[in-house]
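Chemist: Take a look at this one; I'll ask things after.
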Amino acid sequence: MKVAGIDVGAKFVKVVIVDDGNLVSRSSRLMGFEQKESIEEAFKEALEKAGLKKEDLTHTTATGSGKTEVPFADDEFTEVSAAAKGAVNLIPSARTVIDVGAEEGRAMHTNAKGKVLDFVINERCAAGAGSFTEAMARALEIPLEEIGPLSLKSKKSIPMNAQCVVFAESEVVTLVHQKTPKEDIARAIHDAMASRIISMARRLSIEEDVALVGGLANNVGFVESLRRELNMDVKIPEEPEYVPAYGAALAAASRAGGGS
Amino acid sequence: MADKYPTERLKTWNDAKDIRLNYYKDFAEAREKGGIRWAGGAWAFDAVPAGLGDDVYPLTGEPYGASTAFNREFSDDCLEATEKYGFARDLCSYMRNYWGSILLNKYTFGGEFPKSDFLWTDHICCSHAKWYQVAAELEGGIPYYCVDVAVGPDEEVDENRIEYIVGQLHDGIEWMEEITGRTYDDNRLIEAVKNEFRSTSTWAEICALNKAIPAPLDEKSMYSLYVLGTLMKHSKKVVDFYEELRDEVKDRVERGIAAVGNEKCRVMTDTQPPWAFLRVFRYLEKYGCVSIGSLYTFGLIGLWEVKEDGTWGPKTTPMEKGVSITSRDEALRELVKWNLDKPEWQHFYSPKYKSDMMIRIAREWKLDGVLLHYNRGCEGLSLGIAENRLALQEAGYPVMIFEGNMGDEREFDEARTVARIDAFMESLDMTKEA
Ligand code: SF4
């Protein structure tokens, strides 16, 4: 049975196609002003890559903050459940799933089937989400993709306030004026983010293994900070940004009667 | 899909609405009738000023703050007015709506803000201690009397502590006589005190009827009913209303009438809701989820006791126990003892009391989960709420938290809360009906 999962996030739309439990294609697009177009394009590309037509799909499930914007989806699945289901399917030992996307961070405590037992979501400020690193990379005047590797070069920990993006940005500016090496500032940024995410996740009982999914899982600097602050290993599946879409596809399969 | 259970509109609904609106109208028009106006907290010993006569009209601040919050535009004006005046944004939002009304000289129910003849209150939380002190100043220096009730949880209360409060009430009566020039009538006090015992015990009886499946009442409707007890629990009007409502709810239980026809899942909430967004409760119904109430709706007004079978039921009134109440002192003493046993007064001293009561409700009202409002607008009732969450989870109840503010709509994110409800319902295996 062929099914699709679509994750409409704040920044990207991601599509995953699954055939009898196997992931056969994935595709993503930046969410522009024309959101419906971005969704259609990503969907079309994923179908093409899989050599399928829309009619070949038995079921399509949407997730993400824009899940109601997918006109051709059969139903919806919440972001919380989708990330947990996808992560536990890829890392069966995971019992705590941390998902950090562009605008939101969340943590889930799950059972062996990937069913959510408890969850927390960050509140209000983007200081615990991907857009925070974007703002900080801008303040450091470096490309976004460099901030992670740069922070790995640092040997020094500098405390930083990450309760609020605006305050953090002015702190970065102060550090730049004090001629603090950029790698130390980059590490301070990731440490601050990690500690914010962990303080949120600790509201759950953190049960190992811990899996990290979402776009931020690609940032090596953040991952390093998270491991150090958590003082435990953090497992990351391949292509972590697609995990919620994959979770939605698994839900689609089970809703269409194909089991999970 | 057809509903599982029959539903019916409450017959007493319009009466509740009328009592509430007349209460605010009577307060505004009290002077024209030659009457007296007083204002104070909903936790105040409101039976006491009743001894001044039948033409004495109260205005309790918290329900006024809630009504103001419901009117988002006016509430925003009030909140901005207090901020402009220099008050911090994280103070009690009921209090800020109230102060804002004074500053703007606008009454939520129309016209100018009616100035009280005196202020009569008590302080159970830190905001209470300052609310009416500031109000007295903002209103140009009106007489103000505050009773200190912080004598500890009920299990620690002894004769000395009761005496401490009774003594303040005796002094308060002399003070009222002095500032109003009226002679105090003990018989009116005794009647008001007995009314309070009956109304608050009957409200608990009504809430206990909600243990039934399907629940005859949902929390959104209960807000419009319990509020009468926060306005004037000492009044005969409220006693009569609650007794009629109790009979109606009993009848609903006998006939299996549901508040939510597709009831499949039962939850409770906690603390005051974000008043400007009560539609969130209607959203829950799409999942067949009914909120049966909360410690807040049950225990702010309701008085409870553990019955012989170990379950919670309405507290036996002193009259039912055959206690004689024939003098001012006896009336005040019984009134103080009664109030100190109020569930919502206990957890100001430790979250443990609140957790125990919440777990009891979860068990006896057969709940599937709990929705906790991390209410930034009320330091009093949200005190220790994170501890309550852990205790409920340890007791095996799934908990969802959402952040908000009962009286400041700027601090509530409706879309995110709805997304959280979706995730929580999904984790409880509930599906949304089309
Ligand atoms: S208990 Fe809450 S609502 Fe009441 S006065 Fe205190 S802070 Fe305000």
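The values are calculated or read from the model by the stated rules, or taken from the named source; none is laboratory data. For clarity, every value in this text was computed on a predicted model and none was experimentally measured. Positions of Cβ are backbone-derived with ideal geometry, glycine not excepted, and every protein chain shown enters the neighbour counts. The protein model used for the area step is the full one, side chains on, heavy atoms only, and it has no ligands, DNA or RNA in it. Shrake-Rupley method; radii C 1.70, N 1.55, O 1.52, S 1.80 Å.
Chemist: Considering only segment B:395-421, state which residues are facing another protein chain (nearest Cβ under 10 Å), of a type outside the set (Gly, Ala, Ser), in a helix (DSSP H, G or I) and open to solvent by 20 Å² or more (accessible area, probe 1.4 Å).
Modeler: Passing the criteria: B:411, B:416.
Chemist: Could I ask something else about it? Go over the candidates B:290, B:267, B:260 one by one and state the one that is away from the ligand (no atom under 16 Å from the Cβ), open to solvent by less than 10 Å² (accessible area, probe 1.4 Å) and assigned to a loop (DSSP other than H, G, I, E, B).
Modeler: B:260
Chemist: Do you know which residues across segment A:74-92 are open to solvent by 10 Å² or more (accessible area, probe 1.4 Å), more than 9 Å from residue A:114 (Cα to Cα) and in a helix (DSSP H, G or I)?
Modeler: Across segment A:74-92, the qualifying residues are A:79, A:90.
Chemist: Also, I was wondering about something else. Check off (1) open to solvent by less than 10 Å² (accessible area, probe 1.4 Å); (2) without any contact (Cβ under 8 Å) to a residue 24 or more places away in the chain for residue B:22 and give me the number that stays unchecked.
Modeler: Every condition holds for residue B:22 apart from (1).
Chemist: Between a first residue in segment B:302-322 that is under 12 Å from residue B:194 (Cα atoms) and a second residue that is part of a loop (DSSP other than H, G, I, E, B), which pairs have beta carbons less than 9 Å apart while being 6 or more apart in sequence or on different chains?
Modeler: Hits for this filter: B:317/B:303; B:317/B:323; B:318/B:324; B:318/B:325; B:319/B:325.
Chemist: Which one of these does residue B:218 not meet: (1) in contact with a strand residue (DSSP E or B) (Cβ under 7 Å, 6 or more places away or on another chain); (2) away from the ligand (no atom under 16 Å from the Cβ); (3) more than 30 Å from residue B:246 (Cβ to Cβ)?
Modeler: Among (1) in contact with a strand residue (DSSP E or B) (Cβ under 7 Å, 6 or more places away or on another chain); (2) away from the ligand (no atom under 16 Å from the Cβ); (3) more than 30 Å from residue B:246 (Cβ to Cβ), residue B:218 violates only (3).
Chemist: Looking at B:126, B:146, B:207, which one is within 16 Å of the ligand (Cβ to nearest atom), under 18 Å from the mean Cα position of the chain (by Cα) and away from every other protein chain (no Cβ under 14 Å)?
Modeler: B:126
Chemist: Do you know which residues across segment A:138-153 are in contact with a helix residue (DSSP H, G or I) (Cβ under 8 Å, 6 or more places away or on another chain) and assigned to a loop (DSSP other than H, G, I, E, B)?
Modeler: Within segment A:138-153, A:142, A:143, A:153 qualify.
Chemist: For segment A:49-70, check the following and say yes or no: at least one residue is in a strand (DSSP E or B), of a type outside the set (A, V, I, L, M, F, W, C), open to solvent by less than 10 Å² (accessible area, probe 1.4 Å) and within 11 Å of chain B (Cβ to nearest Cβ).
Modeler: yes
Chemist: Tally time: how many residues in segment A:100-124 are more than 10 Å from every other protein chain (Cβ to nearest Cβ), crowded, with 23+ Cβ neighbours inside 10 Å and under 16 Å from residue A:193 (Cα atoms)?
Modeler: 4
Chemist: Let me ask something else about it. Checking the structure you have, find out if any residue of segment B:350-363 is buried (at least 19 other Cβ atoms within 10 Å of the Cβ) and under 20 Å from residue B:44 (Cβ atoms).
Modeler: No, segment B:350-363 contains no residue that is buried (at least 19 other Cβ atoms within 10 Å of the Cβ) and under 20 Å from residue B:44 (Cβ atoms).
Chemist: So which residues in segment B:354-376 are of a type in the set (Ser, Thr, Tyr) and within 16 Å of the ligand (Cβ to nearest atom)?
Modeler: Answer for segment B:354-376, where residues must be of a type in the set (Ser, Thr, Tyr) and within 16 Å of the ligand (Cβ to nearest atom): just B:374.
Chemist: Out of the residues in segment B:377-394 that are aliphatic (A, V, I, L, M) and within 16 Å of the ligand (Cβ to nearest atom), state the one that is nearest to the other protein chains (Cβ to nearest Cβ).
Modeler: B:385
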